[in-house]
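Before any comments, here is the structure.
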Amino acid sequence: MDLRTGLGVAGKGTALITGASSGLGAEFARQLARRGYDLVLVARRRERLEELIEELLTTCKIAAEALVADLSQEADLRRVEERIASLQNLALLINNAGFGLRGRFHKSQIEEQLEMIQVHVIASVRLCRAALPVMISRGAGAIINVASMAALIPTASVTYSATKAYLVAFSRSLQIELEGSGVQVQALCPGFTMTEFHDAPRSSRMERTLIPGWLWLRPETVVRASLRGLERGETVCIPGMIYKLAAWLIAEPLTAPLVRLIVRHIYLRRKSEKAIKDRTESKSDNK
Ligand SMILES: NC(=O)c1ccc[n+]([C@@H]2O[C@H](COP(=O)([O-])OP(=O)(O)OC[C@H]3O[C@@H](n4cnc5c(N)ncnc54)[C@H](OP(=O)(O)O)[C@@H]3O)[C@@H](O)[C@H]2O)c1
């Protein structure tokens, strides 16, 4: 089994992964290291990147480096672009760094919304632009833009949904432009996935307990589906049957309102269950 990167099994080339210090990014690093890719791992938390590299080097015969960068900062983003342009054996670029925001758009700090557009959209577009000349000149390579189911189903995370929808539209059109070049693009659209995403203090509007257990995906499953999707040439990859079904239903004008209704119902029911639980707990604390 080999991805369409144009490189033999012995020398798979290098994969550059943003947001590799935890969650999906770290899991991409683990699965790609096992397949023999050299790695450049990008994130802000140096210790986390170094710990992961130490873990990977003990089990896999690869080269790996940490590139500490904050993709919301111009100088850091430029350093990552330059590193990409210097990687003559660049086989994979995975634009995965991202975060969620709590609260309502109209009450938010506009700086945080713009930071999200910068990290999800501007950084991904710039890193694609930096990577493509290298990949096209080699006639091989692949880019994975980590979007979300929130790109396909409108959610209350306004800018989050919009930035992820951009990545899906961008990837779809880019794939058309790249036809016949040997370079592939994928927009990965995971549903709820067990990572640190929902733990970050300013992250995500939804609490974990509001989401039923059967909707949660494991990072291993998401990354396996993404890499398998690349092998099959999928431009939009939706891991998990339940999410595939939801994406199909939301794309149909007749069934789309039903999906929105179900999503709203699940969310509101869980929210009221949680409110009751919180009230009961605070009453028993006060006794
Ligand atoms: N978990 C879900 O339910 C879910 C569902 C759909 C899509 N996604 C998407 O999946 C991607 C990965 O998220 P995850 O679930 O794996 O969450 P995670 O465990 O919180 O990982 C997020 C990663 O992004 C990095 N990052 C955030 N801001 C950054 C910045 N300014 N510069 C550089 N790196 C930055 C973080 O590293 P540092 O903090 O070290 O910088 C971390 O490595 C995100 O794009 C997210 O939107 C997640």
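The values are calculated or read from the model by the stated rules, or taken from the named source; none is laboratory data. These figures come from a predicted structure and were not determined experimentally. All Cβ positions, even for glycine, are placed from backbone atoms using ideal geometry, and neighbour counts span all protein chains on display. Protein only, heavy atoms only, side chains kept; ligands, DNA and RNA dropped before computing areas. Shrake-Rupley method; radii C 1.70, N 1.55, O 1.52, S 1.80 Å.
Taking the longest Cα principal axis of the chain as reference, the axis of helix 123-138 is set at about 30 degrees. Each other residue within a Cβ distance under 13 Å of Leu39 adds +1 if Lys or Arg and -1 if Asp or Glu, for a net charge of 0.
Pairs of lysine residues in the chain that meet both criteria, 8 or more places apart or on different chains and Cα atoms under 18 Å apart, total 4.
When every Cα-Cα distance of segment 53-136 is counted in 10 angstrom steps from zero, the calculated P(r) takes the values 15, 38, 30, 14, 3, 0 percent. Rolling a 1.4 angstrom probe over the protein heavy atoms with all chains in place gives segment 14-242 an accessible area of 43 Å² per residue. Of Tyr166, Tyr243, the order by accessible heavy-atom surface (1.4 Å probe, DNA, RNA and ligands excluded), from most exposed downward, is Tyr166, Tyr243.
Highest mobility in the GNM of the chain, judged by mean-square fluctuation with C-alpha springs under 10 Å and restricted to His265, His198, His106, is found for His106. The 1.4 Å probe gives accessible areas that order Met194, Met135, Met241, largest first, as Met241, Met194, Met135. Using the beta-carbon distance between Arg269 and Arg218 and R0 = 30 Å, what value does 1/(1 + (r/R0)^6) give for FRET efficiency, to the nearest 0.05? According to the calculation, E is roughly 0.75. Only protein heavy atoms count here; on that basis, with a 1.4 Å probe, Ile276 has an accessible area of about 90 Å².
Shape index of segment 14-242: Rg/Rh, with Rg the Cα radius of gyration and Rh the Kirkwood radius from the inverse mean 1/r over Cα pairs, equals 0.94. Taking the Cα centre of segment 72-224 as origin and assigning +1 to Lys and Arg Cβ atoms and -1 to Asp and Glu Cβ atoms, the resulting dipole is close to 200 debye.
Taking the C-alpha atoms only, the angle from helix 46-59 to the longest principal axis of the chain is near 60 degrees.
Note: relative contact order over the chain, using C-alpha pairs below 8 Å and six or more positions apart, is 18 percent. Solvent-accessible area of the chain (1.4 angstrom probe, protein heavy atoms only): carbon and sulfur portion equals 57 percent. Pairwise alpha-carbon distances in segment 174-255 exceed 18 Å for 55% of all pairs.
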